[in-house]
Structure formats: C-alpha cells, structure tokens
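To keep things clear, I will list the structure first and then write my remarks on it.
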C-alpha cells in the first residue's frame, strides 16, 4: 500500500487488516510523512548528541547542572495551566495498548491510565496497529472485548483519564517507510493518536495527553515541544491543547529537570520519577567507571542517591507549578498465598506513604488490585485537595555529587540476585519476542525497563567481578552455569523464543554495553 503526498512517498511494509483501515487512511499517512519530513533530522541530531555525551562521560567528564542554562534555573516562571481532568492524579495505572487490559485499567478506579506503546509493549506490527484501533475506540468510549469464554468487557460510567506513552526517540517503526526510511516510532504513535482522536477527546472534555519516555536532555524536550506546536498548528488546535508528563528516568535528565519543564512549559503538566529505567541508566551512562550496584531488590528509593533524585523531582516540579508523580508499584497480588500477599501490600503501602510525605501528588501501580492500597495514603494526607503543589520544598538542596554517589549502604551481590536477574531476563525476553511486553514474573509485573536493569546488572557484575558470600567470583563461568540451569527450568533452551532469549542475553552481558536490548531484539521481530 502506498500513499503519495506532496513531497514524500509513504510505504506500509505490512498487511492491513480490514479493521485497521480506518487508521491507515491516506490523509493520516500523509500527516505522518509531514512529521517525518520536519522532525527526522532533529531526531537524528539528538541521538547523535547522546553518543557524543556518552563519549565525554567515558572520558571522565562528570555530569552536572548546566552552566549555560543557569538563568532558567534561577528565573521566575511556571508551566501553563493544567486541564481539569489532569488535576487529580493520586493513582495512575499503566499497561500496554492491549484491548482487554485497557478496559480493565480504565475501569480500575485509578485517576489516570497510561496506555503504553513503549516499555510494556512488544512492538510487533499487530500490537502497534491494533493498539491504535484500541485507542480510537477508547477515545470514543466504545471499546469492548469478548473473551473466548464468552465474557464481555465494557467501560464503566466513570473511567480513568487516558494518557498515551509513545515510543522513545531511539525506536523506529520498520513497517512504515517515508521515502524509503523507517519513521520514528514516537512520531507515528503520537501523530496517529492526535490525528484521529482530537475531536473525540475534546467532546469528552479531555484532550491528547502523553507520557514522554527516555529523555536525556532539555534539547530532546525541545524537540517534543516543536512537534507538539506543529501538530497543533497543522490540525487547528489551540496552543497547549496537547499536554505531556515527562518521565525523569535517566540520570542525565535528573540534572536538567527545570530546563525540561521550561522547554515544554506550554504543554507539560508534570514529572514522574521513573525509578526502574533510572537505575538502568546509571549503569549505562557510567559504564566505564568502576562501581558495582547490589542486587536489584536492594536498590530502594531510600538509598541516598535514589532519595536525592526523588526529592529533586518534587522540588523542581512544584517550584514550576507542575505535578510530581511517584514511582511504580510493580507487585501482582498473589491470591494463593495470603501471608505473602499481605507482606507485599504492606510494602506497597509504606512506599506510598513515603512518597506522599515527600510531597508527591500521586503514584503509579501496575495492577488494578493495587489501586486502593496506593490511593489510601494520598487520600488520607490530601483529603479533598487534588494535589499538594503548594509544598515547594525550597529548603531542599541537592548537589550534583549526591546524584552520582552510587554507594548502597549494606548492599551486596548474591547468588539469588544473579539467578533472579537471569531468570527475569529469559522469561521477559522470551515473552517479548513472542509479542508480550508486560509479563508477570515472580509476582512482579516486568516490562522492558525492569529487564534492562536485570541485564545491565549482569553486564556490570561480569565486568566488576564481585565476590559472593561464599567467596565465589561472579565471572563468565558462574554466569554460564546459572544461565544453563535457569533456562532448563523454563523449557528447551535451544528452541523457540526461549532459545532466542538465551542467545540474546548471552550476547548482551559480554563486550561493549548495548544501549537498549530492545534495539537488538526488534531485529528478531517479524
């Protein structure tokens, strides 16, 4: 299928099911071609800047608050006003753009549902295309689903406010080419959503709202600002109709929070502490330094460097009139083990009590059964108030050195930690290659971010070779033994997507650090 615009040729390199036809109409494809023509060069530029910044970090240049943007940090300004349906965000639930999961999330009782094209989605063509259909129906409140057992799922009268997370700047869509070149997944996901649903959303008193992932600098935020302004002008939308929340999930972005808010000030409504990707980015960005993070479960939000980053999200957001959203509670309730379930829910509650006491306005959960537990601490403290942005935290002083001091008091690498990381990677990567991007593993909802932590820690441990309690060194021999044993527990390690996952993980933990496992894994998807 081809659509010829004024100056671009658009090619769809995949089949279009009849029900997808309303999405991939010529007008929409030409609009995507315009986005590509205007912004692909800018996207390539910010990706080159990432590589150049990495080279400077590798050479020992320390990160810090930028001297050239000091006037922004010291200036008096705030972001634009927040729409009424984004004022109260006590609990936000996330999940892929899967039809049944979307209905359950919208009906969950959460204030916001983030429909995900990124970390919680395996970007098969089926998932991407059907996801846009699902968003079309959700924006019109007509989405429904009939399961194989005959059970029908429909929306309740009250549903969560819908936000969409497009893919990060680093990802492309290989099935849609503009002048022979793959379009950026970010432009495709965001462009199609606004193009098709702007009027339907407006009729509901809402709008095109986004979560922006993986930003590493304010220049990347500026690119999003330019995209939003162009879309608004091109589609006749008032300035600021499009709203966005930015995930602060890379260690470099932590140094540029206020600049990110400034660049997006006409569109941004909040910052989110994306804790899982943040830990992954620390290993990635400081890969040439000699340090060793302990088991993943020991890197909580109370360790010094995570606590400093978390509090900085609150201070910077509230200072500029934006919401501050807390991190993910990834636990999946275990109905078979009441005692274990109660311990886990207590942990979730304590984590949310910490967040609201620090000043966060809301938080994330991965499962509908966690909504009530997560909401309770915020509702207790805030009462009828939709947020606590009046808590400016002006007393808080965070130095650059605090953000890059990665000591974890009492932390250790254990055999259980090695095994857990290996098993999580194998189970998640195998599922991802089979088309599932949100996967329950050991009572936790794993996505690409948590898999990235696991594989990056394995890479770091093989590089640093820490000792276990029994004196053994975490080296390639130990890893290969654990890999073989954990793979055998899951099935035939030489067959199917499990076999692909074994090979992929083995390659990822040796040699140079791969920026994202999804870039390599995407090549294996049809």
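Values in this text are rule-based calculations from the coordinates and carry no lab data. Since we're looking at a predicted model, the values are computed, not measured. Note that we place each Cβ from the backbone using ideal geometry, even for glycine, and neighbour counts take in every protein chain shown.
Annotations for the structure displayed:
- With the gyration tensor restricted to C-alpha atoms of segment 23-157, the semi-axes of the equivalent ellipsoid amount to 37, 23, 17 Å, longest first.
- Gap separating the Cα centres of segment 1-78 and segment 86-139, nearest whole Å: 22
- Among 210, 291, the order by Cβ neighbours within 10 angstrom, fewest to most, reads 291, 210.
- Highest to lowest packing among 105-112, 138-145, 76-83, 271-278, scored as the average C-beta count within 10 Å: 271-278, 105-112, 138-145, 76-83
- Tensor-based shape of segment 126-224 (alpha-carbon gyration tensor, a/c under 1.5 rounded, otherwise prolate or oblate): prolate
- On full extension, the segment bounded by residue 238 and residue 16 gains 76.6 nm, given 0.36 nm per residue less the C-alpha separation.
- Among the listed values (i) 22, 59, 19, 0; (ii) 15, 23, 19, 16, 13, 10, 3, 0; (iii) 21, 52, 26, 2, the one computed from these coordinates for P(r) over Cα pairs in 20 Å bins from 0, in percent is (i).
- Taking a ≥ b ≥ c as the square roots of the eigenvalues of the Cα gyration tensor, segment 43-118 is classed as oblate, since a/c reaches at least 1.5 and a/b does not exceed b/c.
- Computed helical MRE - 222 nm, the chain, DSSP H runs ≥ 4 contributing -39500 (n - 2.57), nearest 500: -14500 deg cm²/dmol
- Theoretical gain in end-to-end length, residue 488 to residue 385 [0.36 nm per residue, Cα-Cα removed]: 31.8 nm
- Over segment 471-526, the hull volume per residue, using the convex hull of the C-alpha atoms, is 92 Å³.
- Note on segment 349-427 and segment 258-287: Cα centroid distance 15 Å, given to the nearest whole angstrom.
- Hull volume per residue, based on the alpha-carbon atoms of segment 415-522 and their convex hull, is 94 Å³.
- Cα gyration tensor category, rounded, prolate or oblate, for segment 395-437 with a/c compared to 1.5: oblate
- Mean Cβ neighbour count within 10 Å, used as a protection proxy, ranking 222-232, 358-368 highest first: 358-368, 222-232
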